[in-house]
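A short worksheet on the structure shown next.
The values are calculated or read from the model by the stated rules, or taken from the named source; none is laboratory data. On a predicted model such as this, the values are computed, not experimentally measured, just so you know. Because the Cβ atoms are built from the backbone with ideal geometry, glycine has one as well, and the counts that use them run over all protein chains shown. These area figures cover heavy atoms from the full protein model, side chains too; ligands, DNA and RNA do not enter into them. Shrake-Rupley method; radii C 1.70, N 1.55, O 1.52, S 1.80 Å.
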Amino acid sequence: MKVYIRQKKSTVDVEGSCSVLELLRRLGYSQETVLVLRNGGLVTPDVRLSEEDEVEIIPVISGG
Amino acid sequence: MRCRVCGGQACVDVKRSNTAFCADCYQQYFQRQVARAIKKHDMLGTDDRPVIAVSGGKDSLTLWQVLLDMGYRADGLHLNLGIGEYSVNSQEKAAAFAESRGVKLITIGVAEEYGYGIPQVAKRTARSACSACGLIKRYLLNKVALERGFNVLVTGHNLDDEAAALLGNLLRWQSGYLLRQSPVLPSTHPKLLRRVKPLFRLTEREIAAYGLLRGVDWLVDECPLAAGAATLRYKEVLNQLEADSPGTKHHFYFGFLEKGSSFAAASPPVELRECARCGQPTTTEVCAFCRLWEQVKRDKALPVT
């Protein structure tokens with residue numbers, strides 16, 4: 001599936017179907033620091049993602 | 001996951017409470033948290049004239065959104081910090097939000113008003129960019145809001161901000177900063193606005209979720225001058241602890257609010273007077289803001305870029 005990382009403005013390819021939580025682990029993101037959209041809607045970590053889904057990861061930590 | 005309230009399909013999980021909500025119930029939960037913060041700490045009254053410090057990022061714009069959703073009337077105040085494209089984009093996001101919601105945004109350009117933006121100020125002084133920026137923002141937000149007739153400055157500080165600041169202050173035992181770390185900073189001088197933080201009960205992730213659900217379009221880019229900032233390192237450490245033990249940030253900060261108040265009560269109040277140059281409240285004869293700009297403008301031959 002194609003996963004768009006909003007802050008980096010980049011897309012990565014992830015093979016196969018997996019849960020949101022598993023996707024975040026594979027890409028090295030902590031659950032506490034991002035939100036995940038599937039086909040434009042927010043999803044919880046247990047949701048299963050399929051190859052056809054458009055997935056977006058939105059990092060939420062800011063500050064300086 | 002199912003929504004704790006209605007049993008429908010959940011879309012936002014709140015791990016520290018071991019719960020989840022659907023879109024509608026999450027918005028109600030979020031507003032209850034904000035209402036609880038405002039009520040418990042007496043942040044906003046019916047006679048108040050609040051102004052929101054708006055950066056164009058997710059916290060300030062979502063704060064503005066939730067206050068509008070809850071029926072509060074508040075204008076926004078944006079400072080253009082002169083940090084190149086980042087500041088241009090920040091101002092655009094703030095202005096677009098105000099226009100789409102039909103609310104008023106006041107914009108002040110630091111470089112236009114004082115001759116230099118944050119990058120130049122940082123280069124010409126011994127301060128880090130974040131330190132100079134923080135000082136300039138605190139001063140100008142208070143001064144401009146006061147001149148425009150507001151009496152409460154509302155900021156988007158959240159639980160992550162407060163927990164990270166607390167960790168930083170404890171690591172260096174900065175007792176002066178610890179004393180001032182509170183959801184409400186009262187007005188202790190006629191020229192000092194009360195400052196309130198209605199989002200202090202909510203994490204950045206929870207705030208972003210509300211913003212997304214309400215169609216808030218914020219600037220995702222981080223300030224280019226903040227790379228490597230201590231605050232971001234503290235947040236990273238706290239989020240690692242949070243991942244292993246959900247609720248850590250909440251217990252850390254709320255425990256401080258509960259138990260740290262005795263520490264604050266034992267300390268003498270800070271005496272404020274008016275700056276000999278600008279008349280703004282300060283603890284010294286000449287305020288830190290005036291001293292900073294004297295240093296910046298001391299040698300006009302220095303390059304500005």
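Numbers below:
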item: Subset of the range B:194-215 [within 16 Å of residue B:52 (Cβ to Cβ) and open to solvent by less than 10 Å² (accessible area, probe 1.4 Å)]; result: B:196, B:198, B:199, B:200, B:202, B:207, B:210, B:211
item: Check on residue A:37, within 8 Å of chain B (Cβ to nearest Cβ), open to solvent by less than 30 Å² (accessible area, probe 1.4 Å), free of Cβ contacts under 8 Å to residues at least 60 places away in the same chain and not polar (S, T, N, Q); result: yes
item: Tabulated pairs, the range B:9-38, first free of Cβ contacts under 8 Å to residues at least 60 places away in the same chain, second β-branched (Val, Ile, Thr) and open to solvent by 20 Å² or more (accessible area, probe 1.4 Å), C-beta under 6 angstrom, 6+ apart or interchain; result: B:25/B:5
item: Residue within the range B:143-156 that is within 14 Å of chain A (Cβ to nearest Cβ), open to solvent by 20 Å² or more (accessible area, probe 1.4 Å) and of a type in the set (Lys, Arg) present; result: no
item: Options B:71, B:57; residue that is open to solvent by less than 30 Å² (accessible area, probe 1.4 Å) and out of contact with any Pro (no Cβ under 8 Å at 6 or more places or on another chain); result: B:57
item: Test for residue B:76: is it assigned to a strand (DSSP E or B) and open to solvent by less than 20 Å² (accessible area, probe 1.4 Å); result: yes
item: Residues of the range A:1-11 classified as charged (D, E, K, R), within 14 Å of another protein chain (Cβ to nearest Cβ) and assigned to a strand (DSSP E or B), total; result: 0
item: When residues of the range B:266-283 are limited to those that are out of contact with any helix residue (DSSP H, G or I) (no Cβ under 7 Å at 6 or more places or on another chain), farther than 14 Å from residue B:138 by Cβ and at pLDDT 95 or above, the one least open to solvent (accessible area, probe 1.4 Å); result: B:279
item: Flag for residue A:55 being more than 22 Å from residue B:57 (Cα to Cα), more than 8 Å from chain B (Cβ to nearest Cβ) and within 11 Å of the chain's Cα centre (by Cα); result: yes
item: Some residue of the range B:148-162 being in contact with a helix residue (DSSP H, G or I) (Cβ under 9 Å, 6 or more places away or on another chain) and without any contact (Cβ under 8 Å) to a residue 24 or more places away in the chain; result: no
item: Only one of B:47, B:69, B:42, B:13 that is at pLDDT below 95 and either within 13 Å of another protein chain (Cβ to nearest Cβ) or over 17 Å from the mean Cα position of the chain (by Cα) (or both); result: B:47
item: Flag if residue A:14 is of a type outside the set (Lys, Arg), away from chain B (no Cβ under 13 Å), within 11 Å of the chain's Cα centre (by Cα) and farther than 27 Å from residue B:246 by Cα; result: yes
item: Residue count, the range B:207-229 (criterion: in a helix (DSSP H, G or I) and more than 9 Å from chain A (Cβ to nearest Cβ)); result: 3
item: Any chance residue B:165 is crowded, with 18+ Cβ neighbours inside 10 Å and in contact with a strand residue (DSSP E or B) (Cβ under 8 Å, 6 or more places away or on another chain); result: no
item: Set A:17, A:30: member being closer than 24 Å to residue B:20 by Cα and touching a Ser or Thr at 6+ places or on another chain (Cβ under 8 Å); result: A:17
item: Test: residue in the range B:92-108 that is closer than 30 Å to residue B:240 by Cα and within 16 Å of the chain's Cα centre (by Cα); result: no
item: Subset tally (residues that are touching a residue at least 24 places away in the same chain (Cβ under 8 Å), surrounded by fewer than 19 Cβ atoms within 10 Å (Cβ to Cβ) and either in contact with a Cys (Cβ under 7 Å, 6 or more places away or on another chain) or of a type outside the set (S, T, N, Q) (or both)) for the range B:97-111; result: 7
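The rows are residues; the columns are (1) surrounded by 15 or more Cβ atoms within 10 Å (Cβ to Cβ); (2) closer than 30 Å to residue B:137 by Cα.
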site	(1), (2)
A:7	yes, yes
A:14	yes, no
A:43	yes, no
A:54	no, no
